[in-house]
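Below is one structure; the comments refer to it alone.
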Amino acid sequence: MKSDSNFFKDNRILQFYAHDISNSDGRMSLFPGNFELEGIQSETVSMFLSGEETDFISESADLLRGYEQVKTAFLQFGLEDPRFQMRKADYLTRIPVVSISVRAKDLNLNSPLWNEDSQWYCVCVHMDETAEKYDHVCIFEIPGVGEQSSEVPCEIRQASEQDERKLNALFSPYVEEAHLISPGKNKEAVWAVGPDTAIDAVQVMYVGAALCTCLTAGDSVPLGYFDMGRESLYSKYVLINRSPAYGQFLCQKEENIVGMVKHEAEVQGNPTVIISHWHEDHVKILYEMALAYSQDGHYRNFWENAVFFFPQCIQKKGWATVHATAILGAIQNAGNQNYTVIPYQNSDEYRLERQYQNLSIFSCHRNDQSVSAPNPHDHGLYAIVTLTSGKRVLLPGDCSYDTMSAQNSGDSVLKEYDYLVATHHGGKYTHTTANHKTAYIPTPRQGTACDAIFSANGVAYGHPNATVVSQYGKTWNCLRTDQLPGNYDMYILG
Ligand SMILES: [Zn+2]
C-alpha cells in the first residue's frame with residue numbers, strides 16, 4: 001500500500017465498504033450519533049461485488065500476488081463455494097482494515113439508515129470539501145499509511161441487499177469444521193497453558209478504552225493473553241482533542257505497551273490467546289499483528305505457534321467480522337492448527353469449556369430472539385485464573401454478569417475473588433434494571449481488601465461510569481488503568 005504521508009492529499013474522494021461494529025448502548029448514550037465501522041477501500045473488493053474481472057492497481061506486489069490467486073478461485077468457483085472460501089485468506093488478510101468513525105450531525109435513529117438489520121454501508125469521503133453541505137463527518141485510519149484523518153465530510157448509505165449478501169460471504173471468517181468445537185465433541189487443542197501450568201500473575205495493561213491482559217509465570221514471562229485489544233481510533237481522537245498534552249502522554253504509554261506485547265508474544269512464540277469477543281477494543285493488537293504478518297511476514301513465530309481460543313464470529317451488526325476474517329486468515333496462512341472456536345448458541349446458558357488446574361474458560365450465551373439488538377458481549381468467553389499465591393482472578397471480558405451466571409443472582413461462579421477485572425470497562429454489567437441489580441456484581445473473598453480493576457480512560461465511552469464504580473466500591477477497592485501513577489503502565493495481580 002502507499003506509505004507516503006501525502007496519501008490523503010492525493011486522494012480527493014475515497015470510497016469504503018464498511019461494516020457496523022458499534023454497539024447499541026454506546027451509540028445511544030454519551031455521544032449519540034457516533035457509529036464505529038470497520039471498512040475496506042471499495043476498490044480492493046469491487047471485483048467480488050460486480051462479478052466482473054477488473055484490474056486492481058496496487059503498489060504492493062505482495063497484495064497483488066494474493067489478489068491474482070484469489071481472483072482465479074473466485075472466477076472459477078464463485079463467492080460462496082467452499083473452494084473459494086478456503087483460498088480467500090491469501091488476499092483478504094493483506095487488505096488493511098480501515099477504522100472509520102462516523103458522526104451523524106443530525107441523528108434520526110428511526111431512519112432506515114440505522115436499521116438494526118443493516119450491517120454494511122458505503123461511505124464516500126470528500127477530502128477537500130467543507131463539511132457544511134453534508135449530513136455526516138468521519139475520521140478514519142488506514143493501517144500502514146501512518147496517518148489518520150481529522151474530521152472530513154462524508155456521505156453514507158446502506159449497501160444494497162445484494163452487496164450486503166456478497167460482502168457477508170466475502171467477510172465470513174473461514175473456520176475449518178474440525179476447529180469449531182461443539183459441546184459434546186471431545187477434541188482437545190494443544191495448549192501452551194497445559195492442564196497444570198502454574199500462573200504467577202495477571203497483568204492488566206493500560207491500552208486506553210480497551211482490554212489486554214497477560215498471564216505470566218516467574219519473572220513476567222508471558223504464558224498467554226486474555227484479550228489483545230487497544231483503544232479505537234475514535235476513542236484516541238476524543239482523548240487527544242479533549243486534553244492534548246495528557247492525551248498524548250496516555251497514547252504514548254499505550255503505544256509503548258502495545259509494542260512490548262507484540263514483541264513478547266513473538267519472542268515467547270506459543271502463548272495461549274483467549275479472545276473474549278469480536279470487538280475491536282479486544283482484538284486490535286492481534287489484528288495489527290495479523291496484517292504485519294500477512295503483508296510483511298512479521299511475527300512468524302507467533303502466528304505459526306500460538307494457541308487460540310475464540311468465540312464464533314457471526315454475520316451480525318456489532319460483530320467485527322472484517323477483523324476476524326483477517327485474524328483467522330493469518331492463522332490459516334501460517335498453517336497453524338492450534339485454534340478452537342466455540343460455536344455461537346442461541347440460548348440462555350453458560351458453559352464451562354475448559355477446566356485446568358489454574359485456568360477455567362467459560363462461554364456465555366443469550367437467546368437473541370428475546371432482544372432487539374443482539375450483542376457480541378452476550379456471546380463471549382470469560383475466564384477464571386487461580387494464581388500460585390492461591391488468589392483467584394475473574395476475567396469477564398465484556399460479558400454481563402447475569403449471562404455469566406444462572407438466571408438468578410448469587411451463582412457460585414461469581415463468588416470469592418481476590419481480583420476482578422470489571423466487565424465492559426466499568427460500563428453496563430447486567431441486563432436487569434431492577435433495584436437488586438448490584439447483587440450481580442461478583443463478590444470479593446470475605447475478610448480481605450480486594451481490587452477491582454477498570455480498564456478504560458473515562459473519555460469516549462464514559463467508562464468507567466461513576467455510578468457503576470460507586471456500586472462496585474461498596475465491596476471492592478476500585479482501581480483504574482488510566483490512573484496508574486506516573487509511568488507505570490500496568491497493574492500486576494499476583
Ligand atoms: Zn470492550
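The values are calculated or read from the model by the stated rules, or taken from the named source; none is laboratory data. None of the values given here were measured: they were computed from a predicted structure. We place every Cβ from the backbone using ideal geometry, glycine too, and count neighbours over all the protein chains shown.
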Members of the range 145-171 found to be within 24 Å of the chain's Cα centre (by Cα) and basic (K, R), listed by number: R165, K166
Among the residues of the range 92-99, is there at least one that is surrounded by fewer than 23 Cβ atoms within 10 Å (Cβ to Cβ), within 25 Å of the chain's Cα centre (by Cα) and basic (K, R)? no
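Is there a residue in the range 351-362 that is of a type in the set (D, E, K, R), farther than 21 Å from L414 by Cα and surrounded by 15 or more Cβ atoms within 10 Å (Cβ to Cβ)?
No - not one qualifying residue is present in the range 351-362.
Yes/no matrix, rows are residues, columns are (1) in contact with a Leu (Cβ under 6 Å, 6 or more places away or on another chain); (2) without any contact (Cβ under 8 Å) to a residue 40 or more places away in the chain; (3) surrounded by fewer than 24 Cβ atoms within 10 Å (Cβ to Cβ):
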| residue | (1), (2), (3) |
| --- | --- |
| P195 | no, no, yes |
| G208 | no, no, no |
| Y246 | no, yes, yes |
| M260 | no, yes, yes |
| E264 | no, no, yes |
Could you identify the single residue in E231, E264, E280 that is among the charged types (D, E, K, R), within 16 Å of the ligand (Cβ to nearest atom) and touching a strand residue (DSSP E or B) at 6+ places or on another chain (Cβ under 8 Å)? E280
Have a look at V175, V145 and point out the one that is assigned to a loop (DSSP other than H, G, I, E, B) and more than 19 Å from W319 (Cβ to Cβ). V145
Pick from the range 267-277 the residues that are touching a residue at least 40 places away in the same chain (Cβ under 8 Å) and more than 16 Å from the ligand (Cβ to nearest atom): which of them is farthest from Y382 (Cα to Cα)? Q268
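Counting just the residues of the range 363-392 that are crowded, with 18+ Cβ neighbours inside 10 Å and under 16 Å from I21 (Cα atoms), which one comes out farthest from the ligand (Cβ to nearest atom)?
P374
Of the residues I327, I285, which single one is within 12 Å of the chain's Cα centre (by Cα), within 16 Å of the ligand (Cβ to nearest atom) and modelled with pLDDT of 95 or more?
I285
Rundown of residues vs (1) closer than 18 Å to L381 by Cα; (2) touching a Ser or Thr at 6+ places or on another chain (Cβ under 7 Å); (3) basic (K, R), yes/no style:
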residue	(1), (2), (3)
D281	yes, yes, no
Y287	no, no, no
A290	no, yes, no
S294	no, yes, no
V322	no, no, no
A326	no, yes, no
Return the residues of the range 11-55 that are at pLDDT below 65 and more than 21 Å from the chain's Cα centre (by Cα); say none if nothing qualifies. P32
Count, please, the residues in the range 209-228 that happen to be more than 16 Å from the ligand (Cβ to nearest atom) and not β-branched (V, I, T). 9
Criterion first (touching an Asp or Glu at 6+ places or on another chain (Cβ under 7 Å) and within 16 Å of the ligand (Cβ to nearest atom)) does S400 satisfy it? yes
Criterion first (more than 30 Å from I342 (Cβ to Cβ), touching a residue at least 12 places away in the same chain (Cβ under 8 Å) and surrounded by 20 or more Cβ atoms within 10 Å (Cβ to Cβ)) does L291 satisfy it? no
